[in-house]
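Just so you know, all these numbers are worked out from the coordinates, no wet-lab data involved. None of these values were measured; they are calculated from a predicted model. A quick note on method: Cβ atoms are made from the backbone with ideal geometry, for glycine too, and the neighbour counts reach across all protein chains shown.
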């Protein structure tokens, strides 16, 4: 599995966890735990997605 695919998966899982957390866990004790895990997944995934390549010069 490449870094990009792993990053996209983490971003999607993090976003879904945020939505589920806000929808169902708002009044429960799991709210803070799921919130931090979803933010971490989203952030790590966001950092794994970009692929930078050296620009080609026209020499």
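Per-structure values
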read-out	value
Among the candidates 6, 16, 22, residue that is out of contact with any strand residue (DSSP E or B) (no Cβ under 7 Å at 6 or more places or on another chain) and in contact (Cβ under 8 Å) with a residue 40 or more places away in the chain	6
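Here's the yes/no breakdown for (1) assigned to a helix (DSSP H, G or I); (2) under 9 Å from the mean Cα position of the chain (by Cα); (3) surrounded by 12 or more Cβ atoms within 10 Å (Cβ to Cβ):
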residue	(1), (2), (3)
1	no, no, no
15	yes, yes, yes
33	yes, no, yes
39	yes, yes, yes
52	no, no, no
